[in-house]
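**Q** Supplied in C-alpha cells, the structure appears directly below.
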Amino acid sequence: MSHTIQDQRPARAPKSVAPSRLTRGGLPRWAPAGIAVVSIALGCGIGAAFGLQSKIQWGLISALLFVTITYVASAVVENRRQAKDRVATSVVWVCFVLAVIPLLSLIWTTVSRGMNALDGDFLSHSMNGITSFEKGGGVYHALLGTIEQVALATAIAAPVGLLTAVYLVEYGRGSLAKAVTFFVDVMTGIPSIVAGLFILTTWNLMLGFGPSGFAGSMALSILMMPVVVRSTEEMLKLVPNELREAALALGVPKWRMILKVVLPTAIGGIATGVTLAVARIAGETAPIMLLVFGTQLINGNPFEGAQSSLPLYIWEQYKVGSEASYDRAWAAALVLIAFVMILNLVARGIARWKAPKTGR
Amino acid sequence: MAKRIDVSGLSAFYGNHKAIDDISMTVEPRSVTAFIGPSGCGKSTFLRTLNRMHEVTPGGRVEGKVLLDDENLYGPGVDPVAVRRTVGMVFQRPNPFPTMSIFDNVAAGLRLNGNFKKSQLSDIVERSLQGANLWNEVKDRLNKPGSGLSGGQQQRLCIARAIAVEPQVLLMDEPCSALDPISTLAIEDLIGELKERFTIVIVTHNMQQAARVSDRTAFFNLAAVGQPGKLVEIDDTDRIFSNPSVQATEDYISGRFG
Ligand SMILES: Nc1ncnc2c1ncn2[C@@H]1O[C@H](COP(=O)(O)OP(=O)(O)OP(=O)(O)O)[C@@H](O)[C@H]1O
Ligand SMILES: [Mg+2]
C-alpha cells in the first residue's frame with residue numbers, strides 16, 4: 001500500500017549555487033605515489049646537475065621535495081587541514097623508508113657476501129686442519145656452541161626470570177618487591193663484558209674451573225634474566241584482573257589460579273619475550289671470548305673445554321683478513337641472522353597457537 | 001544445601017577508607033535477596049565481604065562477623081579458599097576464561113580444585129549448563145572457545161561455571177547490567193529456578209528487576225560522598241516497594257532521590 005502514501009513536501013528548488021559543505025575537491029588516490037616518483041626524479045636530477053657525490057644527499061633532497069610538494073599540492077587543491085594531514089602522513093612514510101633502507105642494505109650485504117661460502121659443507125664441518133688463509137672449513141663447531149650455550153643460558157634464565165616476574169606481579173608488595181624491581185633495572189644495564197668478568201672471577205678464578213660453554217652460559221643468563229623479567233612482567237600485567245577474581249571466586253587456590261589461568265592467558269607474549277631475550281644474547285661476543293675461549297675443533301660438551309660460538313667465529317675470521325676468511329665471516333653472519341630469525345618465527349608460531357582463542 | 005547468612009556489625013575498609021559501616025542483616029536460605037542503592041554506597045563491597053573476595057583487593061580489610069549457619073567466615077583459622085567454594089560469585093561483566101573452551105570453562109572450578117571424578121565431569125558440565133539455561137544453545141560446540149558466545153550467553157556460562165562447584169550461596173553483582181531484555185529475562189527466570197537450591201544475593205540498579213526476582217530487598221545509602229555506606233533497611237520486597245518504613249527508601253524508589 002506504500003504507493004498511496006505521497007510525499008506532501010513541496011519540491012525543493014535545486015540549489016546549484018552554493019556547493020555542499022560536506023564534499024570538497026581532493027587529490028586523486030594515486031597522488032602520493034605520483035608525487036613520490038616526481039620528487040625522486042627531481043632529487044636525482046638536482047643531484048646530478050650539481051654534481052653531488054653522495055647518493056645520501058640525493059635521497060635527502062628527494063625526501064624534502066616529497067614533503068614540500070605534498071604540502072603545496074594539497075594546500076592548493078584541498079585545504080590547509082588536509083595539507084597538514086598529508087604532511088604528517090608523508091613524514092611518517094619518509095621516516096619509514098629511512099629506517100628500512102639500512103635494514104634492507106644490511107640484509108642484502110650479508111646475503112650477497114655470505115652466499116659465497118655458505119653451502120652444506122660449511123654447515124657440517126669445523127675449521128679443524130684448515131689454516132685461516134685457505135678456502136673451505138666451516139661453521140659447524142661454532143653453530144653447535146651457540147646453540148648449546150644459548151640453550152643452557154635460557155634453561156637458567158627463563159625459569160628464574162619467569163618466577164621473578166610472577167612474584168612481582170602476583171605477590172610482590174612493599175619493600176622487597178621494590179628492591180627486586182630496582183635490581184632488575186640495574187641488571188638491565190650491566191654491560192656484557194662486566195657479566196663476563198664477574199663469572200670469570202667467581203667461577204674460573206675463585207672456584208678454579210677452566211673455560212667451558214657453561215661458563216659462558218652463566219654470563220649470558222645474567223644478561224638474559226632482566227629482559228625476561230621485564231617482558232614477562234608486562235605480559236602478566238595485561239591479564240585482566242577479572243580473570244583472577246573469577247578463578248578465586250570459584251574457590252581456586254592462588255597458586256593454581258596463576259598456573260592454570262594467568263600463565264596460559266599470557267603464554268604467547270611470554271614466549272615472544274623469551275625469544276627476544278634469546279635473540280639478544282645469541283649475538284654476544286665479549287663474555288664468550290673471556291669464558292668459552294674459542295676453538296677450531298668440534299666440542300659437543302658444553303661443560304668441559306673450550307667451545308666456539310657464531311659471533312666469536314665471525315670476529316676471528318674477520319680478523320685474519322684473507323679473502324677466504326672474509327667469505328667465512330659473512331657466511332657465519334648469515335647463519336647467525338637466520339638462527340635468530342628462525343627463533344623469532346618459532347616464537348610467533350607459539351604466540352599464535354597459544355593466544356586466547358576467539359571466534360565461534 | 002542452602003545456608004543462612006547472618007551478618008552482624010560488619011565494616012569494610014580500603015586501606016584507611018571505610019567503605020561500609022556497621023551492617024547487620026540476615027539472609028534466609030533458599031531465598032533471593034536484592035541489594036539496591038545509589039552508586040558508590042558499597043553494595044559490591046558488602047557482597048564481596050560475604051565470600052571473602054574483599055580481601056583480594058590490596059588494602060582490603062574487614063571488621064565484624066559473617067555467620068554462615070553459625071560458622072564465622074572471619075573466625076580464626078578459616079580458609080578463604082574453602083569459603084569461596086561454599087559461597088560462589090557471578091560478576092557484573094561476563095568473564096569466561098579466554099584460553100578455555102565452553103566445556104573447560106564450566107569444568108574449571110572442579111578441575112582447578114582437583115576434586116572430581118573424570119567420569120562424572122561431563123555429567124556435571126551438562127547439568128550445570130542446563131541449570132543455566134544454556135545447554136541447548138551450546139551443546140553442539142562445547143569445544144569452541146567461551147569468548148565466542150554472545151554477552152548474555154557468556155554471562156549464563158559464568159553462572160554455569162559458578163553453580164558447577166555446587167556452592168551453598170550464590171552472590172551476583174549486577175549480573176544483567178550488560179545484557180539485553182531477553183537475556184535479562186532468561187537470567188531472571190534462572191534465578192527463580194536456582195533459588196530452589198541456593199541462597200541467592202543479587203545487586204541490581206533495576207528496581208523492576210529487584211521487585212520481580214527478590215523475596216527481600218535491602219536498601220543501602222550513604223550520607224555524603226566519601227562517607228561510608230550504610231544499610232538503611234531490609235524488608236520483604238513487597239513492603240519495600242509499597243510501604244517502606246524509611247522515607248529515604250521511598251524517595252530512592254520513586255526516583256525523588258538526590
Ligand atoms: N578497589 C577499591 N579501592 C579503593 N576504594 C574502593 C575500591 N572499590 C570501591 N571503592 C570505594 O568503596 C566505595 C563503595 O564502592 P562499591 O563498588 O562497593 O559501590 P557500589 O555500591 O557497588 O557502586 P555501583 O552501584 O556503582 O557498583 C566507594 O566509595 C568506592 O570509591
Ligand atoms: Mg558495584
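Only the coordinates and a few stated rules stand behind these numbers; no lab work does. All values reported here derive from a predicted model rather than from experimental measurement. Virtual Cβ from ideal backbone geometry, glycine too; neighbours counted across all protein chains shown.
**Q** Using a Gaussian network for chain A with springs between C-alpha atoms less than 10 Å apart, which of these wobbles most: A:ALA329, A:ALA271, A:ALA63?
**A** It is A:ALA63.
**Q** Could I ask something else about it? Could you list A:LYS178, B:LYS195 so that the one with the fewest beta carbons within 10 Å of its beta carbon is first and the one with the most is last?
**A** On the way: A:LYS178 12, B:LYS195 20.
The fewest-first ordering by Cβ neighbours comes to A:LYS178, B:LYS195.
**Q** How high is the relative contact order of the range A:204-330? Use alpha-carbon pairs under 8 Å, at least six apart in sequence, and give a whole percent.
**A** On the way: 123 pairs, mean separation 42.7, N = 127.
Relative contact order here is 34 percent.
**Q** Of all DSSP beta bridges located in the protein assembly as shown, what percent are antiparallel, nearest 5?
**A** Numbers: 25 of 44 bridges.
Of those bridges, close to 55 percent are antiparallel.
**Q** In percent, how large is the relative contact order of chain B, given Cα pairs closer than 8 Å and 6 or more residues apart? Let's see the in-between values first.
**A** On the way: 509 pairs, mean separation 69.3, N = 258.
Relative contact order for chain B comes out at 27 percent.
**Q** Next question, about the same structure. Arrange the following residues from fewest to most other Cβ atoms within 10 Å of their Cβ: A:LEU297, A:LEU276. Mind showing how you got there, number by number?
**A** Numbers: A:LEU297 13, A:LEU276 17.
Least crowded to most crowded, the residues run A:LEU297, A:LEU276.
**Q** Let me understand the range A:155-283 better: what is its radius of gyration from the alpha carbons, and its Dmax, in angstrom?
**A** Final numbers for Rg and Dmax: 16.9, 54 Å.
**Q** Checking a compactness column here: for chain A, what do you get for Rg(Cα) / (2.2 N^0.38 Å), N being the number of residues?
**A** Cα-based Rg divided by the globular estimate yields 1.45.
**Q** Given N residues in the range A:26-148, what is Rg(Cα) / (2.2 N^0.38 Å)? Mind showing how you got there, number by number?
**A** On the way: Rg = 23.6 Å, N = 123, 2.2 N^0.38 = 13.7 Å.
Here the Cα radius of gyration is 1.72 times the empirical estimate.
**Q** Please tell me the relative contact order of chain A in percent, rounded to the nearest whole number, where contacts are Cα pairs under 8 Å and at least six residues apart. Don't skip to the answer; put the middle values down first.
**A** Values: 437 pairs, mean separation 72.1, N = 360.
RCO, chain A: 20 percent.
**Q** Could you work out how far helix B:118-131 tilts from the main Cα principal axis of chain B, as a 0 to 90 degree angle to the nearest 10?
**A** 50
**Q** Now a separate question. Quantify how much of the Cα-Cα distance distribution of chain B extends past 33 Å, in percent.
**A** That fraction is 19 percent.
**Q** Report the rotationally averaged projected area of the range A:200-258 based on its alpha-carbon convex hull, in square nanometres.
**A** Details: hull surface 23.8 nm².
Mean projected area for the range A:200-258: 5.9 nm², to one decimal.
**Q** Just to be sure I understand: with springs between alpha-carbon atoms less than 10 Å apart, which residue in B:THR26, B:THR86, B:THR45 has the highest mean-square fluctuation in the Gaussian network model of chain B?
**A** Top of the fluctuation ranking is B:THR26.
**Q** Taking the alpha-carbon centroid of each part, what is the distance from the range B:117-182 to the range A:277-351 in angstrom?
**A** First find each Cα centre; the distance between them is then 53 Å.
**Q** For the range B:224-251 and the range B:22-74, what is the separation of their C-alpha centers, rounded to whole Å?
**A** 17
**Q** How shielded is B:91-99 by partner chains, expressed as the average number of their Cβ atoms within 10 Å of its Cβ atoms?
**A** The shielding value for this peptide is 6.
**Q** Might you report the magnitude of the Cβ-based charge dipole of the protein assembly as shown about its Cα centre, with Lys and Arg at +1 and Asp and Glu at -1, to the nearest 20 debye? Display every interim value, and only then the final one.
**A** Numbers: 57 positive and 48 negative charges, 324 e Å.
For this selection, approximately 1560 debye.
**Q** Using only alpha carbon positions, build the gyration tensor of the range B:200-258, then give the equivalent ellipsoid semi-axes as the square roots of 5 times its eigenvalues, largest first, whole angstrom.
**A** On the way: eigenvalues 69, 35, 23 Å².
One finds semi-axes of 19, 13, 11 Å for the range B:200-258.
**Q** Among the GluC sites (Glu not before Pro) within the range B:172-223, which fall in a DSSP loop and have no more than 13 other Cβ atoms within 10 Å of their own Cβ?
**A** Within the range B:172-223, the qualifying GluC sites (Glu not before Pro) (loop, at most 13 other Cβ atoms within 10 Å) are B:GLU196.
**Q** For the range A:80-231, divide the Cα radius of gyration by the Kirkwood radius and give the resulting Rg/Rh value with two decimals.
**A** Details: Rg = 23.0 Å, Rh = 20.0 Å.
Using Cα coordinates only, the ratio equals 1.15.
**Q** With the cut-off at 14 Å, report for the range A:256-319 the share of all Cα pairs above it, as a whole percent. Don't skip to the end; give the middle numbers.
**A** Numbers: 1366 of 2016 pairs.
Above the 14 Å cut-off, the range A:256-319 has 68 percent of its Cα pairs.
**Q** A further question on this structure: Please identify the trypsin sites (Lys or Arg not before Pro) of the range B:119-156 that satisfy two criteria: DSSP loop assignment and at most 15 other Cβ atoms within 10 Å. Which are they? Display every interim value, and only then the final one.
**A** Numbers: sites: B:ARG127, B:LYS139, B:ARG141, B:ARG156; in loops: B:LYS139, B:ARG141.
Within the range B:119-156, the qualifying trypsin sites (Lys or Arg not before Pro) (loop, at most 15 other Cβ atoms within 10 Å) are B:LYS139, B:ARG141.
**Q** Show that you can apply the helix-only estimate: for chain A, add -39,500 (n - 2.57) for every DSSP H stretch of four or more residues, divide by all residues, and state [θ] at 222 nm to the nearest 500. Spell out each step's value before the answer.
**A** Values: 14 runs with 240 residues, N = 360.
My calculation for chain A gives -22500 deg cm²/dmol from helical runs alone.
**Q** Please report Rg over Rh for the range A:66-110, where both radii come from the alpha carbon positions and Rh follows the Kirkwood definition. Before the final figure, lay out the partial values.
**A** Working: Rg = 14.4 Å, Rh = 11.6 Å.
Here the Rg-to-Rh quotient is 1.25.
**Q** Still on this model: For B:GLY37, enumerate residues with amide H under 5 Å from its amide H, sequence gap 5+ or separate chain, H modeled in the peptide plane.
**A** The answer is B:PHE220.
**Q** Taking the Cβ of B:ARG197 as the center, what net charge do the other residues with Cβ under 11 Å away carry, scoring Lys and Arg +1 and Asp and Glu -1?
**A** Working: positive: B:ARG30, B:LYS195; negative: B:GLU166, B:GLU193, B:GLU196.
Once positives and negatives cancel, what remains is -1.
**Q** Please provide three numbers in whole Å: the alpha-carbon extents of the range A:296-360 along the principal axes, with the largest listed first.
**A** Over the range A:296-360, Cα extents along the principal axes are 61, 31, 12 Å.
**Q** With +1 on each Lys and Arg Cβ and -1 on each Asp and Glu Cβ, how big is the dipole of chain A about its Cα centre, in debye rounded to the nearest 20?
**A** Values: 29 positive and 18 negative charges, 450 e Å.
Using only the charged Cβ atoms, the result is roughly 2160 debye.
**Q** For the range B:1-131, take the convex hull of the Cα atoms, compute a quarter of its surface area, and give me that in nm², please.
**A** Numbers: hull surface 38.7 nm².
Convex hull of Cα atoms, orientation-averaged projection: 9.7 nm².
**Q** Cut-off 10 angstrom, C-alpha nodes, Gaussian network model of chain A. Which of A:SER112, A:SER54, A:SER212 fluctuates the most?
**A** A:SER54
**Q** Translational diffusion coefficient, Stokes-Einstein: compute it for the protein assembly as shown using the Kirkwood radius over C-alpha pairs as Rh, at 25 °C and 0.890 mPa s, and state it as an integer in µm² s⁻¹.
**A** Numbers: Rh = 30.7 Å.
This corresponds to a translational diffusion coefficient of 80 µm²/s.
**Q** Give me a single rounded figure for B:74-85: the average over its residues of other chain Cβ atoms within 10 Å of their Cβ. It would help to have the intermediate numbers written out before the result.
**A** Numbers: counts 0, 0, 0, 0, 0, 2, 4, 8, 1, 1, 7, 4.
Mean shielding count: 2.
**Q** Helix A:31-49 sits at what angle to the longest principal axis of chain A, using alpha carbons and giving 0 to 90 degrees rounded to 10?
**A** The answer is roughly 70 degrees.
**Q** Using Cα atoms only, what is the angle between the long axis of helix B:102-113 and the major principal axis of chain B, expressed in degrees (0 to 90) to the nearest 10?
**A** 70
**Q** Among the chymotrypsin sites (Phe, Trp or Tyr not before Pro) in the range B:157-258, which ones are in a DSSP loop with at most 14 other Cβ atoms within 10 Å of the Cβ? Mind listing them?
**A** On the way: sites: B:PHE198, B:PHE219, B:PHE220, B:PHE241, B:TYR252, B:PHE257; in loops: B:PHE198, B:PHE257.
Answer in residue order: B:PHE257.
**Q** Provide A:LEU291, B:LEU185, B:LEU68 in ascending order of the number of other Cβ atoms located within 10 Å of each residue's Cβ, fewest first. Working shown, then result.
**A** On the way: A:LEU291 29, B:LEU185 15, B:LEU68 22.
Fewest to most other Cβ atoms nearby, the residues stand as B:LEU185, B:LEU68, A:LEU291.
**Q** Report the one residue of A:ALA31, A:MET224, B:ALA223 whose Cα lies farthest in the direction of the positive end of the charge dipole of the protein assembly as shown (charges on C-beta: Lys and Arg +1, Asp and Glu -1; origin at the Cα centre).
**A** Of the candidates, A:ALA31 comes out farthest on the positive side.
**Q** Taking each residue of A:238-249 in turn, how many C-beta atoms of other protein chains fall within 10 Å of its C-beta, and what is the average?
**A** Numbers: counts 0, 1, 3, 3, 5, 5, 2, 7, 14, 6, 8, 20.
That average works out to 6.
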